[in-house]
Amino acid sequence: MKLKKFTGIFLSILMLMSMIPIASAYAYSAEQATLTFSDSGITETAAGSGYTIDGTNLTINSAGTYRIKGSSSEGAVTVAKGLSGVTLILDSLTLTSSSTAPVVVKKSSSVLFKLVGASEITNNEDAERETTDPDNFEGAAIKIKSGSNATFFGDGTLKVVGTPKNGIKGGAQSTITFDGGTYDVT
């Protein structure tokens, strides 16, 4: 009789556990801000701190979680040098730039990219700038600079188009990890 009771309790616990969503393998803090791109600027849908906005350019200056969405034909997201503990939730974001990489992780930083919905990042820099302006030519849609770590995860999709040269480029001693999500890199 005790075995039947134990088995019933055990099966009940298993059934309850199956209804609880499994947490992401990546720990990150609660969202600090929701930032929405448009061609005219970036709107703080849920205002926070740890970032600066300059037109359609967003710079992340401190650790935290930032939901980024919307669409801009000339926008960029930059994670400042030497940061760790940054999570960027790309939530159906469409971002293009003809002057720089639309997404840049500066040297010695660590960033989690969580994919939600369908996002697209496109670099339309002029390839001739590589020889005429080599100090400012990024040559990639997503640029992970030297000594940085970037991990992409989530259930969304990410299309990356690097028209002049690279879709995603990692610098020396950088690590780029893909753990979940669907990718189309050109």
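The values are calculated or read from the model by the stated rules, or taken from the named source; none is laboratory data. Values in this document were obtained by computation on a predicted structure and should not be read as measured data. Methodologically, a virtual Cβ is constructed for each residue, glycine included, from the backbone with ideal geometry; neighbour enumeration extends over all protein chains shown. Heavy atoms of the whole protein, side chains included, go into the accessibility calculation; ligands, DNA and RNA do not. Shrake-Rupley method; radii C 1.70, N 1.55, O 1.52, S 1.80 Å.
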The range 134-180, residues that are in a strand (DSSP E or B), more than 18 Å from L95 (Cβ to Cβ) and in contact with an Asp or Glu (Cβ under 7 Å, 6 or more places away or on another chain): T151, F153
Within the range 28-68, tally of residues that are outside any strand (DSSP E or B) and either at pLDDT below 95 or of a type in the set (G, A, S) (or both): 11
In the range 125-138, the residues that are surrounded by fewer than 19 Cβ atoms within 10 Å (Cβ to Cβ) and either within 21 Å of S73 (Cβ to Cβ) or more than 26 Å from the chain's Cα centre (by Cα) (or both): D126, A127, E128, R129, T131, T132, D133, N136
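Scan V105, V160 and give me the residue that is touching a strand residue (DSSP E or B) at 6+ places or on another chain (Cβ under 8 Å), open to solvent by less than 30 Å² (accessible area, probe 1.4 Å), at pLDDT 95 or above and under 24 Å from S49 (Cβ atoms). It would help to see each step written out before you state the result.
Details: V160 fails: under 24 Å from S49 (Cβ atoms).
Only one candidate passes the filter, namely V105.
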Residue among K165, K114, K107 that is touching a Phe, Trp or Tyr at 6+ places or on another chain (Cβ under 9 Å) and touching a residue at least 60 places away in the same chain (Cβ under 8 Å): K114
